[in-house]
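Contents: one structure, followed by commentary.
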Amino acid sequence: MSIAVSTVVLPSRQLAVLMGGFCLGLAGVAVLLVFGAAIDAPPAVRAALALVLAVVPVWLSRAAIWRGKSLRIDISDYGEITVAEDEACTIEGMQAGREQDAGGAVVRLLPDSTIWPYLLLLRLQADDRRVRNVLILRDCMSAEKYRALSVACHWIAAHNGQAKH
């Protein structure tokens, strides 16, 4: 059985909905703070808390949009992981027949990655020691590709302590 996998990880719609709900909740609490309905505190404290709670949703939505790019993850037969971020990695780009470049950063899977049946939190370290966190939910790709990626990550995690090929 080969662990070779090549897949495109699309941004998660479920995560976008959850973050949107969280941001709306924070904005609602900020409004309640401004009008004094949430806590009994001096107006300056309420205003400062409301300002913080109004900035956090803006920052989170900006971060969600910035991270909402598609990734191409390629895992070779012997467990080498290559990650590329490309605008052509979208469904529209694939349907239009745009070719993917084979480039990308070779990374290694760190031992503190989380591999669950419905969530993959891959902590990938490049040669320059920078760590990239990749959150993959089941709606980011087809069920078959998700399963294949999960199995490949399990295999790599189990063989991380052995000599590199």
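Numbers below:
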{"quantity": "Approximate spin-label separation residue 155-residue 118, in nm, with each point projected 7 Å along Cα-to-Cβ", "calculated": "2.7"}
{"quantity": "For peptides 125-132, 27-34, 12-19, sequence by mean Cβ density within 10 Å, most packed first", "calculated": "27-34, 12-19, 125-132"}
{"quantity": "Integer Hz, Karplus 6.51/-1.76/1.60 couplings in order for segment 70-75, x for Gly and Pro", "calculated": "7, 10, 10, 10, 10, 10"}
{"quantity": "Hz values of 3J(HN,Hα) by residue in segment 154-160 - Karplus curve (6.51, -1.76, 1.60), Gly and Pro given as x", "calculated": "4, 5, 5, 5, 6, 9, 4"}
{"quantity": "Exposure proxy ranking, count of Cβ atoms within 10 Å, fewest first, for 85, 144", "calculated": "144, 85"}
{"quantity": "³J(HN,Hα) computed for each position of segment 42-57 - Karplus, 6.51 cos²θ - 1.76 cosθ + 1.60, integer Hz, glycine/proline x", "calculated": "x, x, 5, 5, 4, 5, 5, 5, 5, 5, 4, 6, 8, 7, 4, x"}
{"quantity": "Added length on full extension, which subtracts the Cα-Cα distance from 0.36 nm per residue, residue 143 to residue 41", "calculated": "31.7 nm"}
{"quantity": "Burial ordering of 81, 115, fewest other beta-carbon atoms within 10 Å first", "calculated": "115, 81"}
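Computed from the coordinates by the stated procedures, all read-outs in this text should not be read as laboratory data. What you see is a predicted model, and the numbers here were worked out from it, not measured in a lab. Counting neighbours? That spans all protein chains shown, and the Cβs are built from the backbone with ideal geometry, glycine included.
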